[in-house]
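Please read the structure below before turning to the comments.
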C-alpha cells in the first residue's frame, strides 16, 4: 500500500512515540547500556515533541490505511560550526518499515535544499542494519560513531599518569591542536569552521583542571607530558544526548597524544587511568565518540572495548548533482 506523506501534527505524536519506543526497545536489546527510559512512550514522546517544536523544525508523517507508519523531524543547528545544515537527531525518525524513511527524508530534504541547507546529518542506531542501509541508499555516509562500554571496576592507577595541575596549563594549551590536526589529516579532512579562541581555550582548560567533577589526566614520558584525556559527567556532553545518553554516567570528552608516542603504550596508560578514575567516582558506564575516517581513532576506541551505539551520518548536496 502506498505511503501517504503529510506534515507532522499534534495528532501524530502519540503514535510516533510508540514507534520510537519500539525502535529504542530493539536498540537496547542489542546494547543494554543505553537508557531504558525511552522505551516508555511518554519519555519517547517528550523527545519527539521537543524536536518538533524547535526553531526551524520541519516534520512529516507517513501513513498507511490511516495509521502512522513512520515519521521524520529535522531542524538546523548554528551554521558557524556546521555550515548551512539540517539535522535528524536521535529521536527524529522511526518507521515500521526502514524503507519508508527514504520517502520521509525526501519530503523534508527538498525544503532544506531550497533554503540553501546542503549539509544534512542524521543519527541512526548502529545495530539497526535495515535502517542504516536505508539511509546509506539516500547517499549518506558514516561520519562519526558514538560508543559505550562498561567501566573496568578493577582498574589500577598506572605509573606515569596523574591529574593535571595548574603548572601544566601551558603544555595542555600546546597539546590542544593535536586533535584538530589529526581530524584534518587524510583521509578525514575534517576542518573546523570556527577555531578555538586562544584566550577562551586557556580559560576553559584552567577551569577544567580545577573542577572536582572532571578529570584532566596527563601521561608523562622522558620527563614531559606527551598526552591527555579529559573525562566528565555525561550530562556535560553536547554530543552524547537523548536516547544515546546513559544518565548518571561518564564521558571521555577529549583525548590526544603526541604522534611520536603513539604505539608506545601512552594511550593505553591514559585509558587505564580513565577507568580507575571512573571506578573511584562510582561510574559503571563510559561513553566516547570518534570520527570514523580518523584511522587512528577509529581503530583505537573499538579496541578499547567501546561498542558503537549511534552512527552520525552526513550528506553534502552539491548545487547540482552530476547525472551519469
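The values are calculated or read from the model by the stated rules, or taken from the named source; none is laboratory data. If you're wondering where the values come from, they're calculated on a predicted model, not measured in any experiment. All Cβ positions, glycine included, derive from the backbone under ideal geometry; neighbour counts span all protein chains shown.
Remarks
- Any chance residue 56 is within 19 Å of residue 104 (Cβ to Cβ), modelled with pLDDT of 95 or more and in contact with a helix residue (DSSP H, G or I) (Cβ under 7 Å, 6 or more places away or on another chain): no
- Meets criteria (surrounded by fewer than 19 Cβ atoms within 10 Å (Cβ to Cβ) and in a helix (DSSP H, G or I)) for residue 55: no
- Considering residues of region 72-83 that are within 17 Å of the chain's Cα centre (by Cα) and surrounded by fewer than 19 Cβ atoms within 10 Å (Cβ to Cβ) only, the residue nearest to residue 194 (Cα to Cα): 81
- Restricting 14, 44, 107 to those that are part of a helix (DSSP H, G or I), in contact (Cβ under 8 Å) with a residue 24 or more places away in the chain and surrounded by fewer than 15 Cβ atoms within 10 Å (Cβ to Cβ) reduces the list to 14.
- Among (1) over 16 Å from the mean Cα position of the chain (by Cα); (2) outside any loop (DSSP other than H, G, I, E, B), the one test that residue 86 misses: (1)
- Within region 177-197, the residues that satisfy the criterion of being in a loop (DSSP other than H, G, I, E, B) and surrounded by fewer than 16 Cβ atoms within 10 Å (Cβ to Cβ) are 185, 186, 187, 189, 190, 191, 192, 193, 194, 195, 196, 197.
- Flag for residue 245 being closer than 29 Å to residue 51 by Cβ and in contact (Cβ under 8 Å) with a residue 40 or more places away in the chain: yes
- Residue in region 191-198 that is without any contact (Cβ under 8 Å) to a residue 12 or more places away in the chain, in the same structural domain as residue 269 (by TED's automatic domain parsing) and within 21 Å of the chain's Cα centre (by Cα) present: yes
- So residue 295, is it at pLDDT 95 or above and buried (at least 23 other Cβ atoms within 10 Å of the Cβ): no
- Check on residue 174, in a helix (DSSP H, G or I), within 17 Å of residue 229 (Cβ to Cβ) and without any contact (Cβ under 8 Å) to a residue 40 or more places away in the chain: yes
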